[in-house]
1. Jot down the radius of gyration and Dmax of the chain, Cα atoms only, both in angstrom.
2. Please list 173-181, 247-255 highest first by mean number of surrounding beta-carbon atoms within 10 Å per residue.
3. Just round it to a whole percent: the fraction of Cα-Cα distances in the range 148-282 exceeding 28 Å.
4. Tilt of helix 46-57 relative to the longest C-alpha principal axis of the chain, in degrees (0 to 90, nearest 10)?
5. What is the fewest-to-most order of 21, 6 by other Cβ atoms lying within 10 Å of their Cβ?
6. Kindly provide the helix-only [θ] at 222 nm of the chain, computed as the sum of -39,500 (n - 2.57) over DSSP H runs of four or more divided by all residues, to the nearest 500 deg cm²/dmol?
7. What is the helix-to-structure angle for 262-282, meaning the angle in degrees between its Cα long axis and the longest Cα principal axis of the chain, kept from 0 to 90 and rounded to the nearest 10?
8. Quick one: if you stick a label point 7 Å off each Cα along the C-beta vector at residue 215 and residue 272, how many nm between them?
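Computed from the coordinates by the stated procedures, all read-outs in this text should not be read as laboratory data. Because the structure is a prediction, the values reported are computed rather than measured. All Cβ positions, glycine included, derive from the backbone under ideal geometry; neighbour counts span all protein chains shown.
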């Protein structure tokens, strides 16, 4: 089963006059690259949340955002530190005796002009966060599975094309061997020298073996079958499929280098085109 690394999930709940929202976005990455942003009140839960994400999502570039809003629409507990601001205004007034409103604008930008009241995490808030977090993770996994199903259909089609092209290779290979042998004979005859026929046959056999693609055809067929087998496994298989695609490419390239036949070389080009599209898609497979 193919699972994509691209996903999105969002869940929210209300508890104790607060609205908690969790958003999770994932993209492709070779390893797990996790970034979590949340209010300081939930800081103590970070190890637990990271463990949830690692267990559920395995791999990818993962951005998690947690938001808290109170019923009045505010998202923080910051308030104006009046004592500090008044002190700033008095000091600024000694330097520049200007309009008090202008001095206030400058004062509120200075350090400690705003104070943040520290909140203790309540049990109900912790349970609510863990619940919406789990719901968001479920949505991400559902999204990834749906994306993966579409990718799997694409892989099936492209593998079908590669299998069809391999059959064409097998079909024209006998004709190719005859042409290669004839081409070698003609090249030798053009030398216009007396040649021992037994030695000639031995040399022809030697060179024909160098152009033989029997092993490559068998291995390519095995790799295509193995790709399908791994693709149908339930566990994350993106890395394995990447390795198999490299082996497929190696056999296709070898067939191309041994081709010495225009028809076969055209088929190899088509194979490379299909394989390149598979490799591009595999970058996003979990």
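1. Here Rg and the maximum Cα pair distance are 33.6, 113 Å.
2. 247-255, 173-181
3. Percent of Cα pairs beyond 28 Å in the range 148-282: 31.
4. That helix lies at roughly 30 degrees to the long axis.
5. 21, 6
6. Value at 222 nm, helices only: -21500 deg cm²/dmol.
7. 20 degrees
8. Label-label distance for residue 215 and residue 272, simple model: 2.2 nm.
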